[in-house]
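> This is the structure, below, for whatever I ask next.
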Amino acid sequence: MVLLDACSILKSDQYDFLCHIVGAPTNDLSLDKLHEYIHAKSLNDYVHIHGPLYGKDKTAILQKSNAMAFPTLDDCFPLVVLEAMQNALPVIASNEGAIPDMVLDGVTGILISKGNAEELANAMKRLITHPATARRMGEDGRARVLESFSQQAFISTLCDILRIASK
């Protein structure tokens, strides 16, 4: 709901945007509840719910996007953040779990306080009004994924750990 509250702020401030929500419903948040909230906030023209997407469908939505917002309340290592970065998207995400190890604030995206719709809206506004900055952050994020989170980086780090442990 933090994302929808941020979208409501963007709408009231007359920003032009379209938010795609991708993911499976949870015990705490059903698709019906999302639709009701979107309708109550008059966001029908601004927010589209896709449900869970996988493979090519998920990649297609990432490639059509300009940024990814992930205002999680409790994810410790969300792979979707790395997937967005791999697709050269700047990421706006909660300062939660390992996210600050993935997203470098101001470099590959923007970190926000957990549960803060105003901060999220301000970060979204920043990327909307500064598209060159958003593109640069996305490119820097892609480079970061390749350098630090790729399979080759994992193998290299694991080999270093094993070398040190065997001494």
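> Output the residues belonging to region 7-56 that are within 18 Å of L127 (Cβ to Cβ), of a type outside the set (S, T, N, Q) and part of a helix (DSSP H, G or I).
C7, I9, L10, K11 - these are the residues of region 7-56 that are within 18 Å of L127 (Cβ to Cβ), of a type outside the set (S, T, N, Q) and part of a helix (DSSP H, G or I).
> Taking G51 as meeting all but one of (1) at pLDDT below 95; (2) open to solvent by 40 Å² or more (accessible area, probe 1.4 Å); (3) in contact with a Gly (Cβ under 9 Å, 6 or more places away or on another chain), write down the number of the exception.
Result: G51 passes all but (2).
> Also, quick follow-up: Please verify whether L146 is surrounded by fewer than 16 Cβ atoms within 10 Å (Cβ to Cβ) and either among the charged types (D, E, K, R) or part of a helix (DSSP H, G or I) (or both), treating the condition exactly as stated.
For L146, the condition - surrounded by fewer than 16 Cβ atoms within 10 Å (Cβ to Cβ) and either among the charged types (D, E, K, R) or part of a helix (DSSP H, G or I) (or both) - is met.
> Do you know which residues across region 71-92 are in contact (Cβ under 8 Å) with a residue 24 or more places away in the chain and crowded, with 22+ Cβ neighbours inside 10 Å?
Hits for region 71-92 are P71, A84, M85, L89, P90, V91, I92.
> Another question, then. If I go through region 1-27 residue by residue, how many of them are open to solvent by 70 Å² or more (accessible area, probe 1.4 Å), in contact (Cβ under 8 Å) with a residue 12 or more places away in the chain and of a type outside the set (A, V, I, L, M, F, W, C)?
Looking only at that region, the number is 3.
> Identify the residue in region 22-76 that is over 19 Å from K11 (Cα atoms) and of a type in the set (G, A, S) and, among all such residues, is farthest from the chain's Cα centre (by Cα).
Applying the filter and picking the extreme gives S30.
> For D140, work out the one condition from (1) within 22 Å of L10 (Cβ to Cβ); (2) surrounded by 14 or more Cβ atoms within 10 Å (Cβ to Cβ) it doesn't fulfil.
(1)
> Give the residue that is most open to solvent (accessible area, probe 1.4 Å), with candidates limited to residues of region 115-127 that are closer than 23 Å to L82 by Cβ and either assigned to a helix (DSSP H, G or I) or among the aliphatic types (A, V, I, L, M) (or both).
R126
> From A98, A60, grab the single residue that is surrounded by fewer than 16 Cβ atoms within 10 Å (Cβ to Cβ), touching a Cys at 6+ places or on another chain (Cβ under 8 Å) and small (G, A, S).
Residue meeting the stated conditions: A98.
> Give me the residue from region 28-70 that is touching a residue at least 24 places away in the same chain (Cβ under 8 Å) and among the hydroxyl-bearing types (S, T, Y) and, out of that set, nearest to M1 (Cα to Cα).
Y37
> I've got another one for you. From the list A84, A88, A69, which one is in a loop (DSSP other than H, G, I, E, B), closer than 26 Å to K125 by Cβ and small (G, A, S)?
A88
The values are calculated or read from the model by the stated rules, or taken from the named source; none is laboratory data. Since the model is a prediction, treat every value here as computed from it, not as a measurement. Counting neighbours? That spans all protein chains shown, and the Cβs are built from the backbone with ideal geometry, glycine included. Just the protein is used for accessible areas: all its heavy atoms, side chains included, with ligands, DNA and RNA removed. Shrake-Rupley method; radii C 1.70, N 1.55, O 1.52, S 1.80 Å.
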